[in-house]
Amino acid sequence: MIQLIQPFPSPLDRAHAWREGDTVTAVDGQPVEDMLDLYYYMPHGEKMTLTIASRDGAVNSVAFEPYALDKVMSCFAAMEFKTCACDCVFCFIDQNPQGMRSSIYVKDEDYRLSFLYGNYITLTSLGRRGLERVIRQKMTPLFVSVHATDIDVRTRMLGIKRRLDVLAILRQLVEGGITVHAQVVLCPGWNDGPILEQSIADLFALHPGVETLAVVPVGLSAHREGLTKLDPVTPAIAAATIDLVGAWQQRCREQADTTFVHLSDEFYLLTGRPFPPQDQYGDFAQLDNGIGLTRGLEQTWREALQERAAHGKLPTRPVTVMTGKLGELAFAQRLLPALDRPGLPPVELVGVENRFYGESVTVAGLLSGGDIRRALGELPAAPVRDVLLPPRMFNSDDLTLDGLDLAAIAAGQPHRLHIPEEEGLIDFWSSMG
C-alpha cells in the first residue's frame, strides 16, 4: 500500500476527496507495495486506475492517463526503506562521530534503492519474495557488496549468524536477467590475497551477468572505539593488490574482452603506479566508487581546455583548489599536469587534513565544513583568492557532514568560495573572467 499525504492535483481532486489515512492499494486491479509497482504495472497508451482505500473502509478509484503519473507522485508518501541488520567489521556508519544528523547513522539494505540510486546491498535481507520481485520486474542493474565469496569469511566480515551463499543468490539473479555490479571492501588480513583471488575468479565465472567488480580499500576513521581492530591498506599492500588484480585484468581481457575487475584510484595514488588506460574502464560503471575518477577528469579537462584554446577562451583568473589529502595526490600526480599549458593562470593546491574523522580519512567527500574553515583561516588574507571546493562534500541539501552550508563556511574570512561541478570545472573556471 502507498499512503496518500495530500490531495491529487486538479482535476483529479474532484474524483477523490483526500482524507488523512487514504492509501493506494492497487493499480488496474494489481496489488501495489510501493511506487515502483505503479510504474511497473503502468499501461501504455491507456488509462490507469488507482484503487484507494480510506481509513473508514470506503473504497474509491481514480482513473487518469499514464503520462499524468509523474504529476501525482508528490501526493504519495516517500518509500520507507529497509535497514541493514548486518554488523560489518568495516562499516563506516559505525565510525561516525557523535552529534551528527540522525540520517547519517541510518544503514540501508534495500534492493529498491540499489536499483534506483546505485546503493550497495549485501543481499542478506532480500528474501524469496524480494528475489522474485527483482527478477519479475527486471530491477536491473543491482549493486552488491560481496566482499568475499568464501562463505565463512563473508559471514565473519558481515557479522551475521546465518551462513549465506552469496554466489547462489547472484546466480539466480543473473539467470533471471539481472545485471550486477559487485564490490569488495578490501580489509588486509581478512579478504585480500588468496581470498580476493578466489572472489575475483568466482564472480568472473558469472560474467557477463556480474558485469563489473570494484575493489576499494577499507576506510578507517578515528572513531572506532569498541570496534574490531582493522589494519589500513598501506602502500605495500596496495602494490601487492595492483599486481594481483592486474594479472586478473589481463586474463579477463583475453577471455572476455573486458577488464571486469577494477581498483579504486586510491590504490594507484598510494603507490604512484600508473593508472590503466581510459578505455579499460569501459563505461565507468563504478565511478561513484572512485573507479576511474582521476583518469576521467584528466581526459575531460584536457579536451575542454583544447576546445577553449581553439576559440581563444581560456581561463584568465588564478584559482586555489581545496580538497582532501587523496585529492591532493590526484591533483599533484595527474590533474595539475592536465592544467599545465601555456596561457593558463596558476592553480594553487591546498590539501586539507581531515580532523573531523581523523587523518587516515583522506577522500574529499568526507571533509567537514569545520576542516575547510580551518584551512581557509590558514591562508594569507591577501591576496583574496577564488577557492574551489569539492562538490562531493555537500549533500543534496547543500550541507556538509557537520551541518554547514557555503555561507556558514565563508563567514568571517576574505576569500571567495565556489563549488564547481567536477566535469564542468574548465567551463566554470573560464566563466569567472
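Laboratory data are not the source of any read-out in this text; all were calculated from the coordinates shown. Small disclaimer: the values here were computed from a predicted structure and weren't measured. Here the Cβ is made from the backbone with ideal geometry for all residues, glycine too, and neighbour counts use every protein chain on show.
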- Query: Using alpha carbons only, how many degrees (0 to 90, rounded to 10) separate the axis of helix 293-310 from the longest principal axis of the chain?
  - Reply: 70 degrees
- Note on the structure: Proxy exposure order for LEU417, LEU116 (fewest C-beta within 10 Å first) is LEU116, LEU417
- Assertion target for ARG133, ARG374, ARG55, ordered by fewest C-beta neighbours within 10 angstrom first, is ARG55, ARG374, ARG133
- Once the piece of chain linking GLU20 and ASP398 is laid out straight, how much longer is it, given 0.36 nm per residue of separation minus the C-alpha distance between them? 132.9 nm
- Task: In whole Å, largest first, what are the principal axis extents of the Cα atoms in the range 322-370?
- Result: 39, 19, 13
- Cα coordinate range in the range 157-218, projected on the principal axes (Å, largest first): 34, 26, 17
- Query: When Lys and Arg each count +1 and Asp and Glu each count -1, what net charge do the other residues less than 15 Å away from THR362, Cβ to Cβ, add up to?
  - Reply: -3
- Message: For a quick check of your reading of the filter: which trypsin sites (Lys or Arg not before Pro) in the range 170-276 sit in a DSSP loop and have no more than 10 other Cβ atoms within 10 Å?
- Response: LYS229
- A chain fully extended from GLN137 to ALA78 at 0.36 nm per residue, minus the present Cα-Cα distance, gains in nm 19.2 nm
- Principal-axis tilt of helix 194-204 within the chain, Cα atoms, nearest 10 degrees: 50 degrees
- Task: Over all alpha-carbon pairs in the range 93-289, figure out the percentage whose distance exceeds 24 Å.
- Result: 41 percent
- Query: Dipole size in debye (nearest 20) for the chain around its Cα centre, Lys and Arg Cβ +1, Asp and Glu Cβ -1?
  - Reply: 260 debye
- Query: Cα centroid distance between the range 348-373 and the range 168-196, in Å?
  - Reply: 31 Å
- What angle do you read, to the nearest 10 degrees and between 0 and 90, between the alpha-carbon axis of helix 127-136 and the longest principal axis of the chain? 90 degrees
- Item | the range 207-256: GluC sites (Glu not before Pro) in DSSP coil with no more than 14 other Cβ atoms inside 10 Å | GLU225
- Task: Let me have the relative contact order for the range 141-235, percent, based on Cα pairs under 8 Å that are six or more residues apart.
- Result: 32 percent
- So the FRET efficiency between THR49 and ASP257, C-beta based with R0 = 45 Å and rounded to 0.05, is 0.40
- Note on the structure: The alpha-carbon pair-distance distribution computed for the range 296-431, with 10 angstrom bins and whole-percent values, is 12, 43, 34, 11, 0
- Too long for a 23 Å Cα-Cα cut-off, among LYS47/LYS71; LYS47/LYS82; LYS107/LYS161; LYS82/LYS325, are LYS47/LYS82; LYS82/LYS325
- Divide by every residue of the chain the summed helix terms, -39500 (n - 2.57) for each DSSP H run of at least 4, and state the resulting mean residue ellipticity at 222 nm, rounded to the nearest 500 deg cm²/dmol. -8500 deg cm²/dmol
- Query: What GluC sites (Glu not before Pro) in the range 335-433 are in a loop by DSSP, with at most 16 other Cβ atoms within 10 Å of the Cβ?
  - Reply: GLU353, GLU359, GLU378, GLU421, GLU422, GLU423
- Per residue convex hull volume, Cα atoms of the chain, in Å³: 198 Å³
- Given R₀ = 30 Å, FRET efficiency for TYR117-ASP56 by Cβ-Cβ distance, to 0.05? 0.25
